[in-house]
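The values are calculated or read from the model by the stated rules, or taken from the named source; none is laboratory data. These numbers come from a predicted model, not from an experiment. Neighbour counts are summed over all protein chains in view; Cβ atoms, including those assigned to glycine, are modelled from backbone coordinates with ideal geometry. Protein only, heavy atoms only, side chains kept; ligands, DNA and RNA dropped before computing areas. Shrake-Rupley method; radii C 1.70, N 1.55, O 1.52, S 1.80 Å.
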Amino acid sequence: MKEQLEQIKRNALASLEAAATPAALEELRVKLLGKKGELTAVLKQMGKLSPEERPVMGQLANSVRASIETKLEERKSAIHAAALEAKLAAEAIDVTIPGKAVPLGHQHPMNQVLQQIKDIFVGLGYQVVDGPEVELASYNFTRLNIEEGHPSRDRSDTFYFDDGDTVLLRTQTSPMQIRFMENHKPPFCMLAPGRVFRKDEADATHSPMFHQIEGLVVDEHITMGDLKGALITMMQGIYGTESAMRFRPHHFPFTEPSCEMDMQCHKCHGTGEINGQVCSTCHGEGWIELLGAGMVHPEVLKNCGIDPEKYSGFAFGMGLERMAMGRLKINDLRLIFDNDVRFLNQF
Ligand code: PHE
């Protein structure tokens, strides 16, 4: 029996040493120490021993069990440590490798131009204000002296929300003139940029949504000369002192007299043609219409509680996309709204 026990011990220690995985260890544990294991089988024969031999063999059996248990624990932690070591080696991160750059966006080109225009007018003392895109017809039309039945009020031009045609998407930023004058006493200079909406099919120069920048100045003794001075200052700030522009007489119900301002076409430089072909950017005109303007109509001042005998003012409304197209030298309006990064990244 003694031989048997020592044999078990030798074999056990050797196979434990050779076991390489937790599963192999567990298998051995059951085989060596389990109820049906080798050691248990030997112990079952203890009854056959003489009373003198029994305690001696018992002691030996216990020490064999203890050695096997100790070895088992040793191997367990060794295998565990090796596995951890391998895992750490496999997952090692090289912290010295440079990180992936996060692509940084930039301001949309049209916002860049808007910012430049705002900067110029703020420099001239204008206050920049914001207003609603969903507007009342009374602000968008009536109080701007645009009477019922005027073609611009037509349902084919304007997005209305109700059958009574009282609530709409503003077709111009001019209602901001009324909103501002309701709440401010002259003198003042205000600038109101924002989105406007018209039922236009989208083409190279039209979009159902576009942007305008409204300007309004009211004080005593304001003249058309002040209007031209402000607009020429703005144009030279954006396009340089060499830029050519012209004022043409026009009609708006809310200004009197009224005019439009054009800038020379940036594509054909005013000739109206490129290589013998009609210039597609200005349609052969040589000029691009940028804005409408004029002296605030006395009726409009009265509608806002301002005495037209004492005060006068000028107003203008310019198309931001047109300004941006000239400034950025692009000839299709839709590029501005497509949000194609290949286009946007050029600015
Ligand atoms: N609101 C006019 C338009 O959309 C432009 C304008 C603004 C004209 C202010 C005169 C004064 O065409």
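Residues that are within 16 Å of the ligand (Cβ to nearest atom), more than 26 Å from residue 219 (Cβ to Cβ) and aliphatic (A, V, I, L, M) are absent from the range 142-149.
Would you mind finding the one in 213, 178, 222 that is assigned to a loop (DSSP other than H, G, I, E, B), touching a residue at least 24 places away in the same chain (Cβ under 8 Å) and not basic (Lys, Arg)? Talk me through it step by step, then tell me what you get.
Details: 213 fails: assigned to a loop (DSSP other than H, G, I, E, B); 178 fails: assigned to a loop (DSSP other than H, G, I, E, B).
Result of the check over 213, 178, 222: 222.
Taken together, the residues in the range 104-128 that are more than 21 Å from the chain's Cα centre (by Cα) and open to solvent by less than 30 Å² (accessible area, probe 1.4 Å) amount to 3. The single condition from (1) touching a strand residue (DSSP E or B) at 6+ places or on another chain (Cβ under 6 Å); (2) assigned to a loop (DSSP other than H, G, I, E, B) that residue 185 fails is (1). For the range 52-70, does any single residue satisfy the condition of being aliphatic (A, V, I, L, M), in contact with a His (Cβ under 8 Å, 6 or more places away or on another chain) and buried (at least 16 other Cβ atoms within 10 Å of the Cβ)? Checked the range 52-70: no residue is aliphatic (A, V, I, L, M), in contact with a His (Cβ under 8 Å, 6 or more places away or on another chain) and buried (at least 16 other Cβ atoms within 10 Å of the Cβ).
Yes or no, residue by residue, for (1) under 17 Å from residue 293 (Cα atoms); (2) among the hydroxyl-bearing types (Ser, Thr, Tyr):
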site	(1), (2)
176	yes, no
192	yes, no
201	no, no
209	no, no
218	yes, no
223	yes, yes
228	yes, no
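Elements of the type strands (runs of 3 or more DSSP E) sitting completely within the range 228-344 and holding at least 3 residues that are within 16 Å of the ligand (Cβ to nearest atom) and open to solvent by less than 40 Å² (accessible area, probe 1.4 Å): these cover 255-264, 287-296, 312-319.
Taken over the range 208-231, the criterion of being of a type in the set (D, E, K, R) and in contact with a helix residue (DSSP H, G or I) (Cβ under 6 Å, 6 or more places away or on another chain) is satisfied by 214 alone.
The set of residues in the range 188-207 that are in a loop (DSSP other than H, G, I, E, B) and either in contact (Cβ under 8 Å) with a residue 40 or more places away in the chain or touching a helix residue (DSSP H, G or I) at 6+ places or on another chain (Cβ under 8 Å) (or both) comprises 198, 199, 202, 204, 205, 207. Restricting attention to the range 165-181, the residues being touching a Phe, Trp or Tyr at 6+ places or on another chain (Cβ under 9 Å) and either among the hydroxyl-bearing types (Ser, Thr, Tyr) or more than 12 Å from the ligand (Cβ to nearest atom) (or both) number 9.
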